[in-house]
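> Once you've had a glance at the structure underneath, I'll fire off some questions.
The values are calculated or read from the model by the stated rules, or taken from the named source; none is laboratory data. Because the structure is a prediction, the values reported are computed rather than measured. Neighbour counts are summed over all protein chains in view; Cβ atoms, including those assigned to glycine, are modelled from backbone coordinates with ideal geometry.
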Amino acid sequence: MDEKRKRVTAPRIAAALSALLAGAALYTVSGSERQGIQVKEYTEAAEAADSTIMVYMNGSDLEGDYGAATADLREMMDALRTAGQEENFPSLHVVVEAGGSTRWELDEMDGVPYARFSLTEDGISSMEPMEIRNMGDADTLSDFVNYGVQSYPANHYGLILWNHGGGPVGGYGSDSHFDGDGLSLEEIREALDHSVMADSAFDFVAFDACLMGSVEIADCLEGRAGYVIASPELEPQDGYDYSWMTALGDSLPSDMEWGEAVGRSMVDAYDAYYASGTAPVAMSLLDMKEYPAFHEVFHQYMDGIPQELREELYRELGKDRMKMLAFGSRQAGGSPELVDVLEFLDACQSVYPDESAFQTLKEGMGKLVTDQWAKGYPRHPSGLTIYLPSGSNPYLSEDLETYDTTGFCSAYRQLTDGYAAYLARESGVEWGDINAHKDGTVEISIAPEDVSDVTGAYLAVFCPVGDDGNYYLLCTDSDVDIGVDGTLRAAPENSYMGMKGQVLCLIETMNLDAYTEYMAPVLYNGELCTMRIGFDEEHEDGQILSVTPAGQTSEAAKQIYELKEGDRVTPLYLVEHMEDVEEEPVDGAKDGAKDEAKDGAKDEAKDEAKNEAKDGGKDETKNGAKNGAKDEAKDETIDRAKDETKNEAGYETKDEIRDETGNTAKSSHGETGHNPDQIMEDRYYTDSYYMGTEFYIEEPDDMLLETVPVSGDGYFYGFMLMDVRQNIYYTDFTGIETEDTGS
């Protein structure tokens, strides 16, 4: 057929997805000058107790914007009041260092930006206001540990680190007074080693923070904690349920170590609190006595992988990434950089089989993760993650420098360095002409030698924004036939998944035998987020799992949302610029699309991630609302939401978007929201997204997915390809004539 073809001139999808999912360095680890806090020694301030629990509470934006730290402090005090009613409840000190936030909702902290105090069943006591300190400084944590241990002596000691978390690379914490400075793993290790606990170990160390349940964090705390409690996943908005403190009395098993018993209580409370939600959540308890044996075998296995097999291994890892259980924000073109330890090892086994070592590692993992709870995953996770670099990360070189400071297994760090070099290597995928056939299918051929490099092929559907050559990505569809000769063929659908008549821009992020997962960019109550959607046999029509603020992949994070009545949702669609293809289209991407899709995109990804995150990201990615489901319902009502003239993102609501007749305009065809003749020119959100029509969650059925019909008029169809290095490519695009689609 003689249908006009289009080509994306400078692909921006990698940049947009990196800004949306990988994020910029919103929270910098070790980013400010050391404050020179003097680590002091302290005298006893209270009688010795059975146990002392120290809470290092870096409030940051979680407290400043949402009062989340205050909500948890009140929760702790409620638990202590309940526990205090037990006749034989053991003596307990709960000591808090509170800072890192520009404001506090706690009455006792009114006008006091930084303080130490203790919690009792009667409330807050021994309040000690202090000058502001950087909670991202190792000396600050060291001094607090000294204060807690020496001022409040006990038989058992526990340490809770409360705030954002970003795993082995992102580290822990974000101090709002010091440009979001946090503690790297190296600094956490330094802080504990320079404290009075240098020659002993805490009974437990717990992270009420996201993504800290990794093997690297376990390595960091070897010899420094008897047990570690941490989540390998993003934490839901309420974080820990501190009712576990009521279990510190007679209900603790007498035949169990104190740290293990407390840790099991934490896991059980987490289970009970989040059992009914839809978001994937997990919590793990690590028995650190088992870590040295696990690490020894792990190191030997990594060190034993022959150099001549490593290229094959890197390729296999690229092919298997979307099949691995991954944690954190799902990222198109690859996966989050935190993957399940055993699934990573299983991928290694396919290239370097050592069944004896693999079984030993599985058994060792079972002993190390002595208790865990997880829900919402297609298969049960091991309980620990490991960092695996992604080629779609524009900050890969910087992140590797940080990773090298973790001190984790030298053999594995050598492997990640090699894998990163492989990811950075020049690559490309060649393709020929794109054609639309009479049967309504779209077809293109890629070079046979490149077929094995393609890990994902998706039909991409674009709609025009106006007459300026801009088009928005309506959706992608993974129902693509891939022939052994490299021929790709797909049939455009006449409907796609969406909500309330609006198509969602679904991009596949995980593809398992019986489970597929997608992300869709949205504005959620005015905040740039990704909606996570899963399909399996039980949910053939799809299930919305969670909504995650943009940029929560490698940086410190602490927030996921679940849809509720009263929420406002605006679908977003990635925008690309297209131009007409000459009669003799360029074959291949190695000299053209490769340079645009890789070389330019990675630089643009970094610039766009920085611009979006630093100009608006801190306002848009305000994580928290931990107190939203607990003490104060801060959600807007539907009536109030509809009366607003502007939403949080600063654009007009659906009640004000009107066409020339004065009627509310639908950027739609019929009821779908996608008629090219009714495009609203002011519907851009930054330069990266076109906005659909905002809708409200008014009843439970509004939270369900539905098929939304589309006409196809004016649409352009082509393919989006992903390769083993997590590069993303667009082929050329073609329209399909509705009356005569001759080939």
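> Among the candidates 157, 172, 147, 152, which residue alone is in contact (Cβ under 8 Å) with a residue 12 or more places away in the chain, farther than 20 Å from residue 217 by Cα and crowded, with 24+ Cβ neighbours inside 10 Å? Give the derivation first.
Values: 157 fails: farther than 20 Å from residue 217 by Cα; 172 fails: farther than 20 Å from residue 217 by Cα; 147 fails: crowded, with 24+ Cβ neighbours inside 10 Å.
152 is the lone residue from the list that is in contact (Cβ under 8 Å) with a residue 12 or more places away in the chain, farther than 20 Å from residue 217 by Cα and crowded, with 24+ Cβ neighbours inside 10 Å.
> Filter the range 519-533 down to the residues that are touching a residue at least 60 places away in the same chain (Cβ under 8 Å) and closer than 18 Å to residue 322 by Cα, then identify the one that is surrounded by the fewest Cβ atoms within 10 Å (Cβ to Cβ). If you could, list the steps in order and put the result at the bottom.
Step one: list which residues in the range 519-533 are touching a residue at least 60 places away in the same chain (Cβ under 8 Å), which gives 519, 521, 523, 525-528, 530, 532-533.
Right, trim to closer than 18 Å to residue 322 by Cα and you get 519, 530, 532-533.
On the way: 519: 25, 530: 29, 532: 25, 533: 22.
Looking at residues that are touching a residue at least 60 places away in the same chain (Cβ under 8 Å) and closer than 18 Å to residue 322 by Cα, I get 533.
> Next question, about the same structure. Could you please let me know if residue 82 is in contact with a His (Cβ under 9 Å, 6 or more places away or on another chain) and not in a strand (DSSP E or B)? Lay out the reasoning, then the answer.
On the way: in contact with a His (Cβ under 9 Å, 6 or more places away or on another chain): no; not in a strand (DSSP E or B): yes.
So residue 82 does not fit the description; no.
> Now for a separate question. Scanning the range 116-140 for residues that are within 26 Å of residue 198 (Cβ to Cβ) and among the aliphatic types (A, V, I, L, M), which turns out farthest from the chain's Cα centre (by Cα)?
Here is the first cut: in the range 116-140, the residues within 26 Å of residue 198 (Cβ to Cβ) are 116-118, 126, 128, 130-131, 133-140.
Keeping just the survivors that are among the aliphatic types (A, V, I, L, M) gives 130, 135, 138.
On the way: 130: 34, 135: 23, 138: 26 Å.
Out of the qualifying residues, it is 130.
> Does at least one position in the range 33-51 carry a residue that is assigned to a loop (DSSP other than H, G, I, E, B), modelled with pLDDT of 90 or more and at positive phi?
no
> Residues of the range 540-597 being at pLDDT below 90, closer than 23 Å to residue 684 by Cβ and not in a strand (DSSP E or B), which ones?
550, 551, 596, 597
> So is residue 514 out of contact with any helix residue (DSSP H, G or I) (no Cβ under 8 Å at 6 or more places or on another chain), among the hydrophobic types (A, V, I, L, M, F, W, C) and at pLDDT below 95 or not?
On the way: out of contact with any helix residue (DSSP H, G or I) (no Cβ under 8 Å at 6 or more places or on another chain): yes; among the hydrophobic types (A, V, I, L, M, F, W, C): yes; at pLDDT below 95: yes.
Taking the combined requirement at face value, the residue satisfies it.
> Further question on the same structure: Restricting to the range 248-267, name every residue that is part of a helix (DSSP H, G or I) and free of Cβ contacts under 8 Å to residues at least 40 places away in the same chain.
Applying the first criterion (part of a helix (DSSP H, G or I)) to the range 248-267 yields 248, 258-267.
Of everything in the range 248-267, those that are part of a helix (DSSP H, G or I) and free of Cβ contacts under 8 Å to residues at least 40 places away in the same chain turn out to be 261, 265.
> Something else now. Can you report the number of residues in the range 189-201 which are surrounded by fewer than 23 Cβ atoms within 10 Å (Cβ to Cβ) and of a type in the set (A, V, I, L, M, F, W, C)?
Final tally of qualifying residues: 4.
> For the range 222-231, which residues satisfy the criterion of being within 28 Å of residue 560 (Cα to Cα) and either in contact with an Asp or Glu (Cβ under 8 Å, 6 or more places away or on another chain) or surrounded by fewer than 24 Cβ atoms within 10 Å (Cβ to Cβ) (or both)?
Step one: list which residues in the range 222-231 are within 28 Å of residue 560 (Cα to Cα), which gives 227-231.
Residue satisfying the conditions is 227 alone.
> State whether one or more residues within the range 252-267 are buried (at least 24 other Cβ atoms within 10 Å of the Cβ), within 30 Å of residue 397 (Cβ to Cβ) and not assigned by TED's automatic domain parsing to the domain that holds residue 365. Talk me through it step by step, then tell me what you get.
Here is the first cut: in the range 252-267, the ones buried (at least 24 other Cβ atoms within 10 Å of the Cβ) are 259, 262-263, 266.
Of the ones still in play, those that are also within 30 Å of residue 397 (Cβ to Cβ) are none.
No, the conditions are met nowhere in the range 252-267.
> Okay, next question. Considering only residues that are assigned to a loop (DSSP other than H, G, I, E, B) and either surrounded by 15 or more Cβ atoms within 10 Å (Cβ to Cβ) or at pLDDT 95 or above (or both), which ones fall in the range 85-109?
89, 90, 100, 101, 102, 103, 104, 105, 106
> Now for a different question. Test residue 203 against the stated conditions and say whether it is farther than 15 Å from residue 51 by Cβ and either of a type in the set (Asp, Glu) or more than 18 Å from the chain's Cα centre (by Cα) (or both).
On the way: farther than 15 Å from residue 51 by Cβ: no; either of a type in the set (Asp, Glu) or more than 18 Å from the chain's Cα centre (by Cα) (or both): yes.
When the stated conditions are applied, residue 203 does not pass them.
> Residue 475 passes all but one of (1) closer than 29 Å to residue 434 by Cα; (2) buried (at least 19 other Cβ atoms within 10 Å of the Cβ); (3) touching a Ser or Thr at 6+ places or on another chain (Cβ under 7 Å); which number fails?
Condition (3) is where residue 475 drops out.
> Taking the condition in a strand (DSSP E or B) and over 18 Å from residue 428 (Cβ atoms), does residue 484 pass? Walk me through how you get there before you give the answer.
Details: in a strand (DSSP E or B): no; over 18 Å from residue 428 (Cβ atoms): yes.
The answer is no for residue 484.
> State the number of residues belonging to the range 212-251 that are among the aliphatic types (A, V, I, L, M) and either touching a Leu at 6+ places or on another chain (Cβ under 7 Å) or within 15 Å of residue 382 (Cβ to Cβ) (or both).
Pass one, the range 212-251, residues among the aliphatic types (A, V, I, L, M): 212, 215, 217-218, 221, 225, 228-230, 234, 245, 247-248.
The next check asks that each one be either touching a Leu at 6+ places or on another chain (Cβ under 7 Å) or within 15 Å of residue 382 (Cβ to Cβ) (or both); those that pass are 215, 217-218, 228-230, 234, 245, 248.
Count: 9.
> Could I ask something else about it? Can you tell me which residues in the range 425-468 are small (Gly, Ala, Ser) and in contact (Cβ under 8 Å) with a residue 60 or more places away in the chain? If you could, list the steps in order and put the result at the bottom.
Restricting attention to the range 425-468, the residues satisfying the condition of being small (Gly, Ala, Ser) are 427-428, 432, 436, 440, 445, 447, 452, 456-457, 460, 466.
Listed by number, the residues that qualify are 427, 428, 432, 436, 440, 447, 456, 457, 460, 466.
> Give the residues of the range 508-525 that are part of a strand (DSSP E or B) and farther than 17 Å from residue 702 by Cα, sorted by residue number. Show your work before the answer.
Here is the first cut: in the range 508-525, the ones part of a strand (DSSP E or B) are 508-512, 515-524.
Within the range 508-525, 508, 509, 510, 511, 512, 515, 516, 517, 518, 519, 521 qualify.
> Name the one entry in 191, 230, 225, 198 that is assigned by TED's automatic domain parsing to the domain that holds residue 283, of a type in the set (A, V, I, L, M), modelled with pLDDT of 95 or more and within 18 Å of the chain's Cα centre (by Cα). Let's see the steps before the verdict.
Working: 191 fails: within 18 Å of the chain's Cα centre (by Cα); 225 fails: within 18 Å of the chain's Cα centre (by Cα); 198 fails: within 18 Å of the chain's Cα centre (by Cα).
Exactly one residue qualifies, and that residue is 230.
> Among the candidates 50, 61, 78, single out the residue that is surrounded by 24 or more Cβ atoms within 10 Å (Cβ to Cβ) and of a type outside the set (A, V, I, L, M).
Working: 50 fails: surrounded by 24 or more Cβ atoms within 10 Å (Cβ to Cβ); 78 fails: surrounded by 24 or more Cβ atoms within 10 Å (Cβ to Cβ).
The unique qualifying residue is 61.
> Moving to a separate point now. Given (1) part of a loop (DSSP other than H, G, I, E, B); (2) at pLDDT below 95, identify the lone condition not met by residue 505.
Condition not satisfied by residue 505: (2).
> What is the number of the single condition among (1) in contact with a Ser or Thr (Cβ under 8 Å, 6 or more places away or on another chain); (2) of a type in the set (A, V, I, L, M); (3) closer than 30 Å to residue 271 by Cβ that residue 423 does not meet?
Of everything listed in (1) in contact with a Ser or Thr (Cβ under 8 Å, 6 or more places away or on another chain); (2) of a type in the set (A, V, I, L, M); (3) closer than 30 Å to residue 271 by Cβ, residue 423 misses just condition (3).
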